[in-house]
């Protein structure tokens, strides 16, 4: 299945973690004095685990003890060194590779059956004839309906090896008989480019949700299509993008910078530096660039914003970014699990680190930074941004930039308190908009069949009656204290965008949302006034 929708090591720590998993042959007749004076720290942990295995009075799952031990070690390092358990590694790897093998559908358990929200565009299910609203009842004769069927079990049954076939038995409203489809499993992309379209006659827009293995290829394809449509300017939306592969961000920056411009440099604990420069292959070096960032733009997103800002290329628009200037490397631990360990820091071309301060072992304070920004008023007023004058740097053209905690934009745009607020974010996280829209469409899937995408985007209006039905839908699902009348316009906007997503594609969703987006409006205005804009 596919779902929509957006990251200073201690050598002894590595040794300890490795030792926990490797284990060792122990001599239980050794004295405690010998244990503590002749063995390394990893041997001590190996021995403790074996003592518990063989001598402890009750049976204990030592795997869980190992997980706690590894997490305890990493908790005493920086906030971004993390442990990935075996059961999570496949999903994490799949997400960063940008694809998996399956049948290509978005679905959710509706009542007691599996309802197809939308087949993946050009995917195997769509090619076989599966439609939105179909209920998949059987997969190779195995039952997929009933209240006791688990989502994870469904995923296992629908996935399989590439080019293998699965027979689906489907109920479709309006059909007298059940339908049979033979679907051949194929590689299903997990898209990292959410949208690419023209904002104006010459201003293109691309939104990237993370930096996976497939991201640069997706970006290049989108950029090429926009250039063919007349884009000489580009808005690159990196809001809420948590990062990903550093090398992918470097490739994207290379599209905008002239040959031999410094993109970034990294420095490890020994002081060894690696410098990355732009090459000759850039396809948008002459174009105007606008980078959209917010407080959730992190890591690789900040690499792009920092590299362009420090090279006086383009305009950074939005709010101060997350502030992650550490580089992780994933390392296998031998049992199917892995650790992502911080191995270096990266610096922007002017030499600034944008990593915000942290104290080893105090991750809770570190992750409360968003609440601090909200409390101090930084998200609403750029004058409230706390800058450190001792971390002041100057670009080649004389622009002052700061290190020490994220990229500060050239043009500040406050948070949209009407749209980006706790209530709206709660309703979105709970999936209420997606489920409500599915049920609305399921009443009559012919209602929109003759409406073209841009006719819908430009002319369709969500009625007050539909908003009332949404309110009743939410209240039937859970008890809330939401005053819906206070959020009518925001709810209307999200219902329409979700309709556009389920009827058409990701692009349609973003186009509906962006029509009233404050940051996109600011970029559009800047683009029209660019010759008079002074950085």
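Computed from the coordinates by the stated procedures, all read-outs in this text should not be read as laboratory data. Predicted, not measured: the structure shown is a model, and the values here were computed from it. Backbone-built Cβ (ideal geometry, glycine too); neighbour counts: all protein chains shown.
Any idea how far the Cα center of the stretch 126-174 sits from the one of the stretch 424-439, in Å?
24
Highest first, please rank the peptides 203-214, 133-144 by the mean number of other Cβ atoms sitting within 10 Å of their residues. Numbers along the way, then the final one.
Working: 203-214: 24.0, 133-144: 17.2.
Highest-to-lowest ranking by the protection proxy: 203-214, 133-144.
Kindly state, to the nearest 0.05, the FRET efficiency for residue 173 paired with residue 464, given R0 = 25 Å and r defined as their beta-carbon distance. Intermediate values should be presented prior to the final figure.
Values: r = 27 Å, r/R0 = 1.09.
Plugging the Cβ-Cβ distance into 1/(1 + (r/R0)^6) gives 0.40.
In nm, give the distance between the simple-model label positions of residue 142 and residue 59, each being 7 Å from the Cα along the Cα-to-Cβ direction.
In this crude spin-label approximation the distance works out to 2.8 nm.
Run the numbers for residue 343 and residue 229: contour at 0.36 nm per residue of separation, minus the present Cα-Cα distance, in nm.
Working: separation 114, 0.36 × 114 = 41.04 nm, distance 4.24 nm.
Fully extending the segment from residue 343 to residue 229 adds 36.8 nm.
Between the stretch 211-244 and the stretch 451-479, what is the separation of their alpha carbon centroids in Å?
30
Using DSSP, restrict attention to beta bridges with both residues in the chain and report what percent are antiparallel, rounded to the nearest 5. Mind dumping the intermediate values first?
On the way: 50 of 67 bridges.
Approximately 75 percent, going by the DSSP bridge assignments.
With r as the distance between the Cβ atoms of residue 389 and residue 488 and R0 = 51 Å, compute the FRET efficiency 1/(1 + (r/R0)^6) and round to 0.05.
0.65
Which length gain, in nm to one decimal place, applies between residue 93 and residue 329 when the Cα-Cα distance is subtracted from 0.36 nm times their residue separation?
Values: separation 236, 0.36 × 236 = 84.96 nm, distance 1.31 nm.
Gain on extension, residue 93 to residue 329, equals 83.6 nm.
Report the Cα-based extents of the stretch 99-189 along its three principal axes, largest first, to the nearest Å.
30, 26, 21
Using a 7 Å offset from the Cα along the Cα-to-Cβ direction at both residue 397 and residue 296, what is the distance between the two label points in nm, to one decimal?
According to this spin-label approximation, the distance is 3.1 nm.
How big is D for the stretch 422-516, in µm² s⁻¹ as a whole number, if Stokes-Einstein is applied with the Kirkwood radius of its Cα pairs at 20 °C and 1.002 mPa s? Provide the component values of the computation, followed by the final result.
Details: Rh = 13.7 Å.
It comes out at roughly 157 µm²/s.
Between residue 375 and residue 425, what is the label-point separation in nm under the 7 Å Cα-to-beta-carbon projection?
Those two pseudo-labels are separated by 1.5 nm.
What whole number of Å gives the distance from the Cα centroid of the stretch 302-317 to the Cα centroid of the stretch 347-423?
With the stretch 347-423 and the stretch 302-317 each reduced to a Cα centre, they are spaced 15 Å.
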